[in-house]
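Accompanying notes for the structure given below.
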Amino acid sequence: MRHTPPPARRLRAGAGPAVVTLAAPLLAVLGLLGAGCSAGASPASVPSLSSAGGSHPAGGSRAADLHAAAQCIRQHGVPGYADPVLTPSGAVYSDRRSIQDASQSVLAAVQAACGSVLARAQLNPMHEPPAPPQLVQAGVRAAQCMRAHGLPNDADPTANTPYTPGHGFGLGAREVPAGGKLSHGFQQAIHACAQLDAAEIRASTLSSLGQDG
């Protein structure tokens, strides 16, 4: 993803087989809610947090349930997990990175202790809402700059492009030049587009995502 200074973009989640090995145990340990599974994420997609849909209305009760779920996750081995953000339309965004970094034993403890709370909050840890317009726009501007400065295969993101809250879109495997991050083209683009990459990151933060919907 895009970082400054200078941004150290990595492969977009979902671009390689490593994501499959990460997602599968998360599916098994966290036990996706039935309603959440219908939202569309497959085992090979990005492990993430999202509104699981269903009949639970957006508002104070849902927000309280999401806070309780996050508090339970923090208390049972993932202290860095931030409260999800609930938008006025009922979409839920959450920074899943601390959950991704947790051990399988910790994830098992979270599921055992927090399963009912997660169900009540309709918190789906394997599905992120589509990227909102302001994030897509920031990502398009960054991609245009990257193409102009040494990364001709950096494609414009869309609402359906995988992203990570707090990190933006990043690069798919086909967008990385020969030589990877150490290549001249990559380094040239990263330094030339640092401000636009930083703007994409800001647009992907939970506080920014929570303003959409």
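Each value in this text was obtained by applying a stated rule to the coordinates, not by laboratory testing. Every value quoted in this text rests on a predicted model; they were computed, and no experiment measured them. Methodologically, a virtual Cβ is constructed for each residue, glycine included, from the backbone with ideal geometry; neighbour enumeration extends over all protein chains shown.
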Taking R0 as 25 Å, what's the FRET efficiency between ALA112 and SER61 from their Cβ-Cβ distance, rounded to 0.05? 0.50
Footprinting exposure proxy for LEU86, LEU209 (fewest neighbouring C-beta atoms within 10 Å first): LEU86, LEU209
GLN187-GLN137 pseudo-label distance in nm [points 7 Å out on the Cα-to-Cβ vector]: 3.5
Among residues other than ALA82 whose Cβ falls under 14 Å from its Cβ, what is the net charge (Lys/Arg +1, Asp/Glu -1)? 0
First select every other residue whose beta carbon is under 11 angstrom from the beta carbon of GLN71; then total the charges, Lys and Arg +1, Asp and Glu -1. -1
Computed label-point distance, nm, for sites ASP156 and GLN104 using a 7 Å Cα→Cβ extension: 4.3
Using the Karplus curve 6.51 cos²θ - 1.76 cosθ + 1.60 with θ = phi - 60°, work out ³J(HN,Hα) for each residue of region 61-74 in order, rounded to whole Hz, and write x for Gly and Pro. 5, 5, 4, 5, 5, 5, 4, 4, 5, 5, 4, 5, 4, 5
